2 protein chains.
Amino acid sequence: MNLVYEPKKIIDVSKSQATFKRALNCIPAGIYGHLGPSEGCMVPVSSYPLYMDHAQGAYIWDIDGNRIIDYMCGYGPNYLGYNDPDVDAAAAAQRKKGDCTTLISDITVEFAEEVCSTINMADWAFFAKNGNDVTQFAMMIARAYTGRKKMVLTKGWYHGVSPWTQKLGYSGIVEEDVCNNLYIEWNHPEQFEALCKQYDGQIAGFISQPYQHGNFCDNELPAPGYWQKIREICDKYGVVLIIDDVRAGFRIDIKGSDYHYGIKSDLSCFCKAIANGYNVSVLCGNKKLLNATSDVAYTGSYWLSAVPFAAGIATLRKAKALNATEENAKKGKKLTDGLKEIAKDNGFDLRVTGEPGMFYLRLANDLPSRVIHQDWVCECVKRGVFFTSHHNHFINYALSDEDIQYTWEVADEAYKVVRERYPQAEFIK
Amino acid sequence: MNLVYEPKKIIDVSKSQATFKRALNCIPAGIYGHLGPSEGCMVPVSSYPLYMDHAQGAYIWDIDGNRIIDYMCGYGPNYLGYNDPDVDAAAAAQRKKGDCTTLISDITVEFAEEVCSTINMADWAFFAKNGNDVTQFAMMIARAYTGRKKMVLTKGWYHGVSPWTQKLGYSGIVEEDVCNNLYIEWNHPEQFEALCKQYDGQIAGFISQPYQHGNFCDNELPAPGYWQKIREICDKYGVVLIIDDVRAGFRIDIKGSDYHYGIKSDLSCFCKAIANGYNVSVLCGNKKLLNATSDVAYTGSYWLSAVPFAAGIATLRKAKALNATEENAKKGKKLTDGLKEIAKDNGFDLRVTGEPGMFYLRLANDLPSRVIHQDWVCECVKRGVFFTSHHNHFINYALSDEDIQYTWEVADEAYKVVRERYPQAEFIK
């Protein structure tokens, strides 16, 4: 690729560093979970911006005043662009009326109707607050509906932080939390069928992301016919089919990722993109599960807050009008095609996997420690382009061609830096 | 009590009824959980307002245009009054900057510092979204810290909807969910000590509300010395002491309900009132648990959203400036003293239990079905005063003396109505 550009400025992050030190005195790990500096992305804290001052569209300005092009989108919620004016206006109008009140707003019903007319498989919608709320609820509904205990998960799964979705050996997890789980490998429906035979009449549900978008590994799409086979096995053995669309929802198809891959799930879990960052998650379900769903005791203090519902309605309507999901995928394809070419120009073999709206990056000719890719990511971040090392990325609608061009320039400069840093490394072979 | 008033108008709720019918087509149970019309309060759907148009201060206006004095406060979150101008202004200012972004706002640290300087036991603060998120996390931290499995709960407990907090026999719950739980009766520390002896080295945590504020029964305060004894037993047997202050937090003492009752918990769970309805929950902890807390994998999509943090800071500062917790308790005392007197004037024996800021009502001379109290509550609601039958209530700072006076008039009229309806009932004896 023919890139002509001025060298980029290395950002100063001293205010972020100082604030992080303050945080360590009053917050466990300073910043915890997937937003923390060490989670998944292997970020060297000392050179990263950690705190936002403000955000707009595709950008975050950190507290040191640096503009950052953000390819993590809040780990998913930023779909139309930060502070989308239409979404924010709808939310502000509802805020003036009321949010978290004893009588719920009738906008709740309007949002349920909007969700059911958007998501192909949805006969009904149930609102909660976290992705985790709805994946856990889906598991409980599968048990309530079938009267069975066991759940089948696919290796590399992530369905939130409830104890039943974690692993034995993880801190705070006991055997009883996970003893009813069974596991298969991704794209191996025959393993699922074997379990259904072995545990006939004991398996309540099959839960999976629509494609394998795990960390620290190339992401894998479903093989042709995979989901059809899973659907068939679920029907044959009376197993509830649950799609965890928390991360991929609205990133592949606005009608649901199950629809995109040609099937109808029984339950689908949404969160993140559905309200452009306003705090709401949604479980959508098939009519046959309605009674079982109503029977399970499940509620939360803020689950029927009205403001996120107004934001959700505005998000879905605007996304449909703009074809935001398709447009984001096109932007992702354009960006990553360019990145691969730039990598190649510099002697690197960059692999791009997953759906284009939430691409995953890996350097094929890295050292075993993966340090070259991590260093490249770090050099990009230090120049104002926020990637992470071993987690998928996200595209938002506000990302412009100019942003992509800028990203390419930064990527090129970063590859040149790491190439000099590792003169003996395998990539030069 | 000498009350002179005009008969109150019976509110029309036909728009609520029509909207509820629409909801039944797209939402499980129409309105689910504790906000649903049948939960706890035994509300006859046909005569109740169900949907809010807007809210302000101590009032909700339903979609039929009726003004309702709200004694449920969104089941807890309304603390300073709906749409408090100072809280809303702080939240709106943060909203313009950014909310749910890849880099978190430095306001996160400011909120943690504010929480730690407010809550007596808090060395650190961890933010999540539901009360349930933090009660479940507290359980996991207790297990991580002690390397033990068992949890002790007090009968009548409610700690959210996670499977481990529910009961075997409830829909969707399996034996493995609850098999590590042990139970004691409220105000019986000797039962706790007996369990500690019986299961020496196996009990990870003791979790309890600061006083027993369950549904369908008189609420019970801790007996003198109760919490001191529990603290002593926890220390003796190495058990983590967890206060579930989700409902009672900021309703008894702004420094924490454990502080009010004279002890220091190891972990305290907050939600609801802490940000006047903005969606955030907080786990506060003792320094000794910091490493164990950091080790547990626990995160959520919206947990570090900045807008509720701005609201939380504004809520705590304003509440301290106004002495809101104490003032709300005074309002609750005044209101319920009057209600008892009015009940007595009409031949009823109304029992008021729990802390005055979140009082519980029961009619001592009711029929065994409790129908007289339920009918009285219904007659109050139909006249624009929202009580529930068998759940504690909440007071907010915006509630005025005029509102209390109006409530008394409605209560009196409602007692007269039900007295005529049950001429043979026990209360006339």
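Every residue, every condition in (1) more than 25 Å from residue B:98 (Cβ to Cβ); (2) in contact with a strand residue (DSSP E or B) (Cβ under 9 Å, 6 or more places away or on another chain), yes or no:
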{"position": "A:243", "(1), (2)": "yes, yes"}
{"position": "A:255", "(1), (2)": "yes, no"}
{"position": "A:265", "(1), (2)": "yes, yes"}
{"position": "A:269", "(1), (2)": "yes, yes"}
{"position": "A:273", "(1), (2)": "no, no"}
{"position": "A:282", "(1), (2)": "no, yes"}
{"position": "A:285", "(1), (2)": "yes, yes"}
{"position": "A:296", "(1), (2)": "yes, yes"}
{"position": "A:302", "(1), (2)": "no, yes"}
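Quick check, is residue A:195 in the same structural domain as residue A:312 (by TED's automatic domain parsing) and either within 28 Å of residue A:360 (Cα to Cα) or under 15 Å from the mean Cα position of the chain (by Cα) (or both)?
The answer is no for residue A:195.
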Legend entry - Odd one out for residue A:383 among (1) without any contact (Cβ under 8 Å) to a residue 60 or more places away in the chain; (2) in a loop (DSSP other than H, G, I, E, B); (3) buried (at least 22 other Cβ atoms within 10 Å of the Cβ): (1)
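With in contact (Cβ under 8 Å) with a residue 24 or more places away in the chain, out of contact with any Asp or Glu (no Cβ under 9 Å at 6 or more places or on another chain) and away from chain B (no Cβ under 14 Å) as the only criterion, which of A:225, A:201 stands out? It would help to see each step written out before you state the result.
Values: A:225 fails: in contact (Cβ under 8 Å) with a residue 24 or more places away in the chain.
Going through A:225, A:201 in turn, the sole match is A:201.
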Inset, instruction - Test residue A:187 against the criterion of being more than 30 Å from residue A:73 (Cα to Cα), touching a helix residue (DSSP H, G or I) at 6+ places or on another chain (Cβ under 9 Å) and free of Cβ contacts under 8 Å to residues at least 60 places away in the same chain, and give yes or no. - result: no
Inset, instruction - Could you figure out which of (1) surrounded by fewer than 21 Cβ atoms within 10 Å (Cβ to Cβ); (2) more than 10 Å from chain B (Cβ to nearest Cβ) isn't true of residue A:22? - result: (2)
Legend entry - helices (runs of 4 or more DSSP H) enclosed by the stretch A:94-196 - at least 2 residues per element that are under 30 Å from residue B:139 (Cα atoms), at pLDDT 95 or above and more than 7 Å from chain B (Cβ to nearest Cβ): A:131-146, A:175-178
Inset, instruction - Quick one: count up the residues across the stretch A:100-123 that are in contact with a strand residue (DSSP E or B) (Cβ under 7 Å, 6 or more places away or on another chain), touching a residue at least 60 places away in the same chain (Cβ under 8 Å) and aliphatic (A, V, I, L, M). - result: 5
Inset, instruction - List the number of the failed condition for residue A:79; all other conditions in (1) more than 8 Å from chain B (Cβ to nearest Cβ); (2) surrounded by fewer than 15 Cβ atoms within 10 Å (Cβ to Cβ) hold. - result: (2)
Inset, instruction - Inspect the stretch B:356-377 for any residue being in contact with a Gly (Cβ under 9 Å, 6 or more places away or on another chain) and within 24 Å of residue B:12 (Cα to Cα) and give the result as yes or no. - result: no
Inset, instruction - Name the one entry in B:85, B:44 that is more than 9 Å from chain A (Cβ to nearest Cβ) and without any contact (Cβ under 8 Å) to a residue 60 or more places away in the chain. - result: B:85
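Listed here are the residues, each with its yes/no results for (1) small (Gly, Ala, Ser); (2) outside the structural domain of residue A:366 (by TED's automatic domain parsing); (3) under 17 Å from residue A:265 (Cα atoms).
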site: A:200; (1), (2), (3): no, yes, no
site: A:204; (1), (2), (3): yes, yes, yes
site: A:222; (1), (2), (3): no, yes, yes
site: A:229; (1), (2), (3): no, yes, yes
site: A:234; (1), (2), (3): no, yes, yes
Inset, instruction - Taking the options B:291, B:276, B:328, name whichever one is over 30 Å from residue B:236 (Cα atoms), polar (S, T, N, Q) and within 11 Å of chain A (Cβ to nearest Cβ). - result: B:276
Legend entry - Count of the stretch A:271-294 residues which are assigned to a helix (DSSP H, G or I), in contact (Cβ under 8 Å) with a residue 12 or more places away in the chain and surrounded by fewer than 24 Cβ atoms within 10 Å (Cβ to Cβ): 5
Inset, instruction - State which residue is surrounded by the most Cβ atoms within 10 Å (Cβ to Cβ) when the search covers only the stretch A:91-113 and only residues that are among the aliphatic types (A, V, I, L, M) and within 11 Å of residue A:310 (Cβ to Cβ). - result: A:91
Inset, instruction - Scan (1) surrounded by fewer than 17 Cβ atoms within 10 Å (Cβ to Cβ); (2) closer than 19 Å to residue B:146 by Cα for the single condition residue B:175 breaks and write down its number. - result: (2)
Inset, instruction - Spot the failing condition for residue A:297; the list is (1) of a type outside the set (Ser, Thr, Tyr); (2) part of a helix (DSSP H, G or I); (3) surrounded by fewer than 24 Cβ atoms within 10 Å (Cβ to Cβ); (4) assigned by TED's automatic domain parsing to the domain that holds residue A:211, and only one is missed. - result: (2)
Inset, instruction - Please work out if residue B:340 is in a helix (DSSP H, G or I), out of contact with any helix residue (DSSP H, G or I) (no Cβ under 9 Å at 6 or more places or on another chain) and surrounded by fewer than 24 Cβ atoms within 10 Å (Cβ to Cβ). - result: yes
Legend entry - Among the candidates A:65, A:33, residue that is among the small types (Gly, Ala, Ser) and touching a Phe, Trp or Tyr at 6+ places or on another chain (Cβ under 9 Å): A:33
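The values are calculated or read from the model by the stated rules, or taken from the named source; none is laboratory data. It should be emphasised that the depicted structure is a prediction, and the values quoted were computed from it without experimental measurement. With ideal geometry, Cβ positions are generated from the backbone for all residues, glycine too; neighbour counts draw on all protein chains shown.
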